[in-house]
Amino acid sequence: MRNLDPQSLTQHVDRLYRAAWALCGSREDAEDLVQETFARVLSRPRVLSGDDELHYLMRALRNTFFTARRTAGRRPVTVATLEDVAAEDPRPMGRPERALEVQELYATIAELPEDFRLALVAVDVLGLSYREAAHALRVREATITTRLFRARKQLSARLAPEPPAPPASDGVQREGNSLRAVFSDGRER
Amino acid sequence: MSERRPQTESELVEHVRALEEPAPAALHARIDALVAEHAARPARPSLGARLRARPAALGAGVAALAALAAVLVLSVAGGGSSPALSWRTASALTLRGATSAAPAVGRDRAQLTAAVGGVAFPNWEPAFGWRTTGVRSDSVGGRQVTTVFYADGRGQRIGYAIAAGPAPGVSGGTIAWREGAPYRMLSAGAVQAVVWQRGGHMCVLAGRGVDGATLLRLASWSDDARAS
C-alpha cells in the first residue's frame with residue numbers, strides 16, 4: 001500500500017489518451033475524458049495497492065467514461081444549425097495517411113461490444129498484463145482472456161476487406177473489385 | 001492505400017500495440033496544470049489517517065453526512081440541481097474540451113455566428129490572432145452555458161463562456177473599468193478569469209497561464225465590437 005504520486009501520473013498521458021480514444025472513438029471526447037479522469041484522481045489523496053499506477057488509471061478512466069455517458073444521457077442536447085458550425089480545419093495534417101488509419105482503427109474498436117472493447121483497450125492499447133487488466137476491470141483473469149480473444153476476432157473481421165468478387169463471366173474484372181484488391185494486398189494484381 | 005495495413009489477426013494485434021499516437025500538446029499542458037495546481041494545494045491526509053488521529057472527527061463526519069443528506073433532501077424537494085451556476089462553475093467549463101467544431105465567422109467579421117440570447121461571441125482572429133477552435137454546451141444548475149474556445153499562435157488556450165438567463169451575483173477579485181463597464185478580475189489557482197455582463201448575461205473569459213491583462217483586453221474588445 002502506498003500513496004499515489006501525482007507527479008508520476010503525467011508519464012501516462014499519451015497511453016491513457018490512446019485508450020480513451022479507443023473507448024470513445026473520437027479525439028475530442030478522448031481529450032475530455034482524460035482530463036476529467038485526471039481531475040477526479042487528483043481531487044483527493046489516493047492509496048494504491050500495487051506498484052504500478054497504470055491499472056489504477058485504467059479503472060479510473062473506465063469509471064469516468066461510464067459516469068460521463070450517464071450524465072450525457074441526462075443532459076439536454078443542444079442542436080447546432082449548419083449555419084452555426086463551420087467545417088473542420090481544412091489545413092492538411094502532417095501525415096494524413098497515418099492519421100486516417102489511426103482514426104479508423106480506434107473508431108472500429110469503439111464500436112465493439114462494451115466488455116470486449118474494455119478488455120482490448122486495457123491489454124492491447126494500454127499495454128496492461130492480463131492480471132492487471134483483470135484487476136482494473138474487476139473481473140477474473142480467465143474472463144479477460146475470453147473477452148480479449150473475442151474482441152480481437154471481431155475487430156479483425158470488421159477491419160478485413162471484403163473478399164474480391166469472382167471475375168465477371170466476360171473475363172473483365174469490375175473497377176470496384178479491382179480497387180478493393182489493390183487496397184487489401186497493397187499491390188496491383 | 002497503405003502497405004502497412006495488417007493482413008492477419010496477429011498482425012492487427014501487433015499494429016494496435018505498436019501505435020504511438022501522442023496526446024495533443026494542449027492536453028499535456030492541461031494535465032501538467034492540474035498536477036501543478038494539486039501540488040500547490042496544502043497537503044491533506046487521507047480520511048482514514050484523519051479518523052485515526054482524531055477519534056472526535058468521527059462525530060464531526062457523521063454530522064457532516066447528516067448535513068449533506070439534509071441539503072440533498074432540500075435540493076430534491078425544491079427540484080433544483082447542483083452545482084449552481086457561478087463564475088467558478090462557468091470558468092471550469094472553459095478548461096474542458098470542445099465537443100463541436102468551431103463556429104463560423106459572421107458577416108461583419110467581428111463576431112461569430114454562435115450566440116446566447118442574441119449576444120454573439122467575438123471573432124478575435126483579425127485583431128489579436130486568437131482563432132476559434134471549438135465550442136461546447138453544458139447545463140449548469142438548470143442553466144444553459146455555451147463556451148467557445150480560442151487558441152493563439154503559441155498554443156495558449158482560453159475559453160469564453162456565456163450563461164443564458166440573468167447573471168448571478170459575483171464578488172471578490174478586483175474591478176477594472178473599460179468604457180464605463182465593470183470587469184471583475186478573479187483567479188482560482190493557476191486559472192485567471194475575467195467576469196462581466198453583456199445583455200444581462202454573465203460572461204466568463206478564463207484560461208491557464210494567460211495573464212489577466214490579456215484577458216481583459218480581449219473581453220473589453222468584444223464589448224466594443226458588440227456596441228459598434
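List of remarks:
Yes/no matrix, rows are residues, columns are (1) surrounded by fewer than 18 Cβ atoms within 10 Å (Cβ to Cβ); (2) modelled with pLDDT of 85 or more:
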site	(1), (2)
B:120	no, yes
B:134	no, yes
B:139	yes, yes
B:145	no, yes
B:156	yes, yes
B:163	no, yes
B:171	yes, no
B:180	yes, no
B:192	no, yes
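- Restricting region A:6-15 to residues that are more than 8 Å from chain B (Cβ to nearest Cβ) and at pLDDT 80 or above, the residue that is surrounded by the most Cβ atoms within 10 Å (Cβ to Cβ): A:12
- Boolean, residue A:97 is within 21 Å of residue A:65 (Cα to Cα) and at pLDDT below 90: no
- Within region A:37-61, if we keep just the residues that are more than 8 Å from every other protein chain (Cβ to nearest Cβ) and assigned to a loop (DSSP other than H, G, I, E, B), the residue that is modelled with the lowest pLDDT turns out to be A:51.
- First in region B:9-36 and more than 7 Å from chain A (Cβ to nearest Cβ), second anywhere and charged (D, E, K, R) and assigned to a loop (DSSP other than H, G, I, E, B), Cβ under 8 Å, 6 or more apart: B:15/B:4
- Tally, over region A:16-33, of residues that are out of contact with any helix residue (DSSP H, G or I) (no Cβ under 7 Å at 6 or more places or on another chain) and in a helix (DSSP H, G or I): 3
- Residue match in region B:145-166 (condition: closer than 25 Å to residue A:68 by Cα and among the acidic types (Asp, Glu)): no
- When residues in region A:17-36 are screened for being hydrophobic (A, V, I, L, M, F, W, C) and either at the interface with chain B (Cβ under 8 Å from one of its Cβ atoms) or over 8 Å from the mean Cα position of the chain (by Cα) (or both), 4 of them pass.
- Residue ranges of strands (runs of 3 or more DSSP E) in region B:169-226 with at least 3 members under 17 Å from residue B:120 (Cβ atoms): B:191-198, B:201-208
- Against the list (1) within 18 Å of the chain's Cα centre (by Cα); (2) more than 11 Å from chain A (Cβ to nearest Cβ); (3) aromatic (Phe, Trp, Tyr), the condition residue B:121 fails is (2).
- Which listed residue is modelled with pLDDT under 80, over 24 Å from residue B:183 (Cα atoms) and out of contact with any helix residue (DSSP H, G or I) (no Cβ under 8 Å at 6 or more places or on another chain), from B:58, B:65: B:65
- Residue in region B:37-53 that is nearest to the other protein chains (Cβ to nearest Cβ), counting only those that are touching a helix residue (DSSP H, G or I) at 6+ places or on another chain (Cβ under 9 Å) and modelled with pLDDT of 70 or more: B:38
- Set side by side, the residues A:112, A:128, A:105 differ, and just one is modelled with pLDDT of 80 or more, within 18 Å of residue B:9 (Cα to Cα), part of a loop (DSSP other than H, G, I, E, B) and of a type outside the set (Asp, Glu), which is A:112.
The values are calculated or read from the model by the stated rules, or taken from the named source; none is laboratory data. In this text the structure is predicted, and so the values were computed from the model without any measurement. Counting neighbours? That spans all protein chains shown, and the Cβs are built from the backbone with ideal geometry, glycine included.
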